[in-house]
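Engineer: Here it is: the structure, laid out below.
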Amino acid sequence: MNEIVVISGKGGTGKTTITASLAGIVPSQVLADCDVDAADMHLVTQPEIERTHEFYSGELPEIDPDTCSQCGTCRDYCRFGAISEDLQIKKEQCEGCALCYHVCPEGAIQMHPRLCGYWYESRTRFGPMAHATLGTGEENSGKLVTTVRQAAHNTAEKEGYQNVLVDGSPGIGCPVIASLTNASLAVIVGEPTVSAIGDLKRVCELTEFFDIPTLSIINKSDINEDLVSEIEQFCRQKDIPIAGKLPYDPVFTQAQLQGKTVFEYDPEGQGKVLEQIWSNIEKKLLKN
Ligand code: SF4
Ligand code: SF4
């Protein structure tokens, strides 16, 4: 089974649009939206949720008002200001360190698993999909990314799909590492802007470190020829083949507004370019 992870050094490079478009082309696939902090692939793939699962990470204290003597010790010790004057836990400020639990002289505080979001097993017109929503202000998305990836992997194994196509997390932190670990192939989406090139170089260091075969796609390739040349030169030095280039084209936005992939909306235009990109990705997978 192939696990293809589409990543970018930063958000806003068109990563999700390109992943969703590939979803209409890749055969025998399960989709995974691992961009859990800003999941939006569902806007195009329109999944029908079959199963919903709660996602717990860390702990949250609960004060039993019948046992609490209102001494205020917990509030005084909490360094995060997560206990209000009237002894209510402020969930968004609580780090789950359990210090309040340990200092309470009455044993009035219990720590409980913290509900941080939900993950889903769904069906789309392109195949099964695993995806998630993280509660507002919740962290630990690396763990949720691993959960979503594993769910997609399990579905592919159980139902005999050949490919898992992952919309990876942006950046170079914990969530993108969780998106990438043990992937068959990383596809980096970059764009010719100064900041995006810096991010692309950093994310390449990551795939190099984890020894993951890597391809790149240059999005909005017609906005700055000099910077496109710089990306090409960097990719040559690093031996990272360029799977294709996509121009800045309003069809990407128009397709999204209609809830379609670019391949569905513009099959004879940018759809053809994306088909060629998938063909190059496939060749790279066969070589590995
Ligand atoms: S768990 Fe830690 S951060 Fe949360 S309320 Fe208790 S002391 Fe404060
Ligand atoms: S330390 Fe315990 S008893 Fe004191 S206010 Fe906090 S919960 Fe209540």
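Engineer: Using a Gaussian network model of the chain whose springs link C-alpha atoms within less than 10 Å, name the residue from 261, 253, 16 with the highest mean-square fluctuation.
Structural biologist: The residue with the greatest mean-square fluctuation here is 253.
Engineer: Ok, one more. For the chain, what does the relative contact order come out to in percent, with C-alpha contacts under 8 Å and a separation of six or more?
Structural biologist: 27
Engineer: Can you tell me which lysines have their Cα less than 26 Å from the Cα of residue 90? Leave out same-chain residues fewer than eight positions away.
Structural biologist: Cα-Cα hits under 26 Å: 143.
Engineer: Another question, then. Which lysines have a Cα lying under 20 Å from the Cα of residue 201, excluding residues fewer than 8 positions away in the same chain?
Structural biologist: Filter leaves 10, 15, 220, 238, 245.
Engineer: Sticking with this structure for a sec: For the stretch 87-94, just list the computed ³J(HN,Hα) in residue order, Karplus coefficients 6.51, -1.76 and 1.60, θ = phi - 60°, integers in Hz, with x standing in for Gly and Pro.
Structural biologist: Once θ is set to phi - 60°, the couplings for the stretch 87-94 become 6, 9, 7, 8, 3, 5, 9, 6 Hz.
Engineer: I'd like the distance between the alpha-carbon centres of the stretch 206-252 and the stretch 70-138, rounded to an integer number of Å.
Structural biologist: What the calculation gives is 41 Å, centre to centre.
Engineer: Would you kindly derive the ³J(HN,Hα) couplings of the stretch 23-29 from the backbone phi angles with the Karplus curve 6.51 cos²θ - 1.76 cosθ + 1.60 (θ = phi - 60°), listing them in order in whole Hz, with x for Gly and Pro?
Structural biologist: 4, x, 10, 5, x, 6, 10
Engineer: With a Förster radius of 45 Å, plug the Cβ-Cβ distance of residue 136 and residue 28 into 1/(1 + (r/R0)^6) and report the FRET value to the nearest 0.05.
Structural biologist: 0.80
Engineer: Please compute the length gained on full extension between residue 99 and residue 181, using 0.36 nm multiplied by the number of residues separating them and subtracting their Cα-Cα distance.
Structural biologist: Computed gain between residue 99 and residue 181 is 26.2 nm.
Engineer: If you build a Gaussian network model of the chain, linking Cα atoms that sit under 10 Å apart, which residue out of 114, 75, 202 swings the most?
Structural biologist: Top of the fluctuation ranking is 75.
Engineer: With 29 Å as the cut-off, how large is the P(r) tail for the chain, expressed as percent of Cα-Cα pairs?
Structural biologist: Counting pairs separated by more than 29 Å, the tail of P(r) holds 41 percent.
Engineer: For the residue pair residue 77 and residue 209, what label-to-label distance in nm results when each label sits 7 Å from Cα along the Cα-to-beta-carbon direction?
Structural biologist: 3.6
Engineer: Can you give the % of DSSP beta bridges in the chain that are antiparallel, to the nearest 5?
Structural biologist: 45
Engineer: Which three extents, in angstrom, do the Cα atoms of the stretch 59-115 have along their principal axes, listed largest first?
Structural biologist: The principal-axis extents, from largest down, are 26, 19, 17 Å.
Engineer: Given just the C-alpha atoms of the stretch 38-192, how large is their convex hull per residue in cubic angstrom?
Structural biologist: Normalising the Cα hull of the stretch 38-192 by residue number yields 165 Å³.
Engineer: Could you check the spin-label model distance between residue 238 and residue 251? Points 7 Å from the Cα along Cα→Cβ, value in nm.
Structural biologist: Distance between label points: 2.8 nm.
Engineer: Restricting to DSSP loop positions (anything but H, G, I, E, B) with no more than 15 other Cβ atoms inside 10 Å of their own Cβ, which GluC sites (Glu not before Pro) remain in the stretch 35-110?
Structural biologist: 85, 95, 106
Engineer: Translational diffusion coefficient of the stretch 139-276 at 10 °C, 1.306 mPa s, Stokes-Einstein with Kirkwood Rh over Cα pairs, in µm²/s as a whole number.
Structural biologist: Reported coefficient: 96 µm²/s.
Engineer: Right, here's the next one. Given H placed 1.01 Å from N in the peptide plane, which residues other than close sequence neighbours of residue 56 have an amide H under 5 Å from its amide H?
Structural biologist: Amide H to amide H, under 5 Å and 5 or more residues apart or across chains, residue 56 pairs with 116.
Engineer: Taking the 0 to 90 degree range and rounding to the nearest ten, how far is the long axis of helix 194-209 tilted relative to the main principal axis of the chain, both from C-alpha atoms?
Structural biologist: The answer is roughly 80 degrees.
None of the figures in this text is laboratory data; all of them are computed from the coordinates on show. Note that the coordinates shown come from a computational prediction; the quantities given were computed from them, not determined experimentally. For neighbour counting, all protein chains shown are included, and Cβ atoms are generated from backbone atoms with ideal geometry for every residue, glycine included.
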